[in-house]
Amino acid sequence: MLAGYAVHVENSRGRRFPEPPHPYRNDFQRDRDRVIHARAFRRLEAKTQVFTRRNSDHFRNRLTHTLEVSQVSRTIAGALHLNVDLVEALALVHDIGHPPFGHAGEKALDAAMREQGLYFDHNLHALRIVEDFEQRYAAYRGLNLTFEMREGIIKHSRDYSPAEHPELTEYLLDQRPPLEAQLIDLTDEIAYSTADLDDGYESRLLSLEDIRAGVPVFDRFYRDVQEIYPEAPEKLKFNEALKRILNRFVDGLITNTKRRIGQAGILTLDHVRSHPQRLAGFSPEVEAERKQAKSFLYENLYFSKALAGEKDDAERIVTDLFAFWMQDPTALPQNYQEKAEEDSLPRVICDYIAGMTDNFIFEQYERYCGRV
Ligand code: MG
């Protein structure tokens, strides 16, 4: 049962190149399947989420993170009577524009582009992947996704000003995105903040004591779990506490978003679009807990000394390779050299690097710049 304010697939604004309906799958299900079959999606498996040189196959990579976001998003979308097919497709595509090496890679790529008077933005890059770089069909370039998918790729995590981005005019920048897209950034946060506590603990970069001291919501649940399972091994108590945080954040997002929808009298998708603020969000209480968890992770994991070496390597690799190809474009693969005749050289190098996996960029570095 879809709510009146959900995106109804039969009202989709459709694809750039119209296609006949499919006998078994609706348009958003087809979009989801196109994402799963995309090359950029498969590459997520070899891209950093938090850990680059993993000593263990247990830690998340960008693909398994993406699957967790999709799973959390579907639950929330179902509870809010939103379009689960669209939410799932948007969740699966949400990180497709990320370069190798997570945020360190992104930062270095953006810095290299800024020296050329340009910049790198992973949402805009994701749009170019699905519109242009993926080549699967004889009739057109890209995946020919529905409007709602492309709009969600652009608008799920931030607002782009119409004045600064005239090329995005068709995506209704003066309107809020549908709730299906609004959810993605929040479920992304729920998924990674709980998962990174888990991987941080499992990698021994975060101790139980540190987490209990730095993340009050964790400590509260851990105490509950200790009362129920005093004899259980520490890791299982840890898991139980983490599960309770995940449930609390998910429930907080569902309940508070429902409340806001009710209070604002939202009945249709047009109401969602024309509402002055985004409607999906946590209550202030849960939001405060989420922020505590997030800043704990920044201080103790993402910006930790233990990961600093990996991040420095990542930035150096991206920066040096970018500079190398700027100086010697003839070392680029033939198809990228041809692209550089139409597009600017820095943009072409940026696209090339952004598409790489961690493995591939390590290889390129050793080939052109020496040992890491
Ligand atoms: Mg993500």
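In the set R158, R223, only one residue is surrounded by fewer than 21 Cβ atoms within 10 Å (Cβ to Cβ), farther than 16 Å from S73 by Cα and within 16 Å of the ligand (Cβ to nearest atom); that residue is R158. Within the range 1-33, being surrounded by 14 or more Cβ atoms within 10 Å (Cβ to Cβ) and in contact with a Lys or Arg (Cβ under 8 Å, 6 or more places away or on another chain) holds for D27, D33. Only residues that are exposed (fewer than 12 other Cβ atoms within 10 Å of the Cβ), assigned to a helix (DSSP H, G or I) and at pLDDT below 95 were counted across the range 270-311, and they come to 3.
Of the helices (runs of 4 or more DSSP H) lying entirely inside the range 56-166, those carrying at least 1 residues that are aromatic (F, W, Y) are 147-155.
Somewhere in the range 170-188, is a residue of a type in the set (A, V, I, L, M), on the phi > 0 side of the Ramachandran plot and surrounded by 14 or more Cβ atoms within 10 Å (Cβ to Cβ)? Yes, that holds for at least one residue. So if I check each of A264, A195, which one is touching a helix residue (DSSP H, G or I) at 6+ places or on another chain (Cβ under 7 Å) and of a type in the set (G, A, S)? Exactly one of A264, A195 is touching a helix residue (DSSP H, G or I) at 6+ places or on another chain (Cβ under 7 Å) and of a type in the set (G, A, S), namely A195.
Residues in the range 157-180 that are charged (D, E, K, R) and out of contact with any Lys or Arg (no Cβ under 6 Å at 6 or more places or on another chain): R158, D159, E164, E167, E170, D174, E180. Of all residues in the range 201-220, how many are under 15 Å from L246 (Cβ atoms) and either within 16 Å of the ligand (Cβ to nearest atom) or not in a loop (DSSP other than H, G, I, E, B) (or both)? Of the residues in the range 201-220, 5 are under 15 Å from L246 (Cβ atoms) and either within 16 Å of the ligand (Cβ to nearest atom) or not in a loop (DSSP other than H, G, I, E, B) (or both). Residues that are touching a residue at least 12 places away in the same chain (Cβ under 8 Å) and over 22 Å from the mean Cα position of the chain (by Cα) were ranked within the range 278-303; the one that is farthest from R347 (Cα to Cα) is E285. If you check G97 against the conditions, is it of a type in the set (G, A, S), modelled with pLDDT of 95 or more and surrounded by fewer than 20 Cβ atoms within 10 Å (Cβ to Cβ)? So G97 fails the test.
Taken together, the residues in the range 109-121 that are surrounded by 21 or more Cβ atoms within 10 Å (Cβ to Cβ) and within 18 Å of the chain's Cα centre (by Cα) amount to 2. The residues on offer are L44, L92, L63, and the sole one that is under 28 Å from V272 (Cα atoms), at pLDDT 95 or above and of a type in the set (A, V, I, L, M, F, W, C) is L92.
The selection criterion, being within 20 Å of H122 (Cα to Cα), out of contact with any helix residue (DSSP H, G or I) (no Cβ under 6 Å at 6 or more places or on another chain) and assigned to a helix (DSSP H, G or I), does not hold for E180. Residue count for the range 156-187 under the criterion of being under 15 Å from the mean Cα position of the chain (by Cα) and among the small types (G, A, S): the result is 2. Residues that are more than 12 Å from the ligand (Cβ to nearest atom), out of contact with any helix residue (DSSP H, G or I) (no Cβ under 7 Å at 6 or more places or on another chain) and under 21 Å from M149 (Cβ atoms) within the range 45-100 comprise Q71, H81, listed in sequence order.
Contact map, the range 46-73: residues that are touching a residue at least 12 places away in the same chain (Cβ under 8 Å) paired with residues that are within 15 Å of the ligand (Cβ to nearest atom) and of a type in the set (V, I, T), Cβ distance under 6 Å, separation 6+ or inter-chain. Pairs shown: V69/T187; V72/T187; V72/I190; S73/V87; S73/T187.
The values are calculated or read from the model by the stated rules, or taken from the named source; none is laboratory data. Keep in mind it's a predicted model, so treat the numbers as computed, not measured. For neighbour counting, all protein chains shown are included, and Cβ atoms are generated from backbone atoms with ideal geometry for every residue, glycine included.
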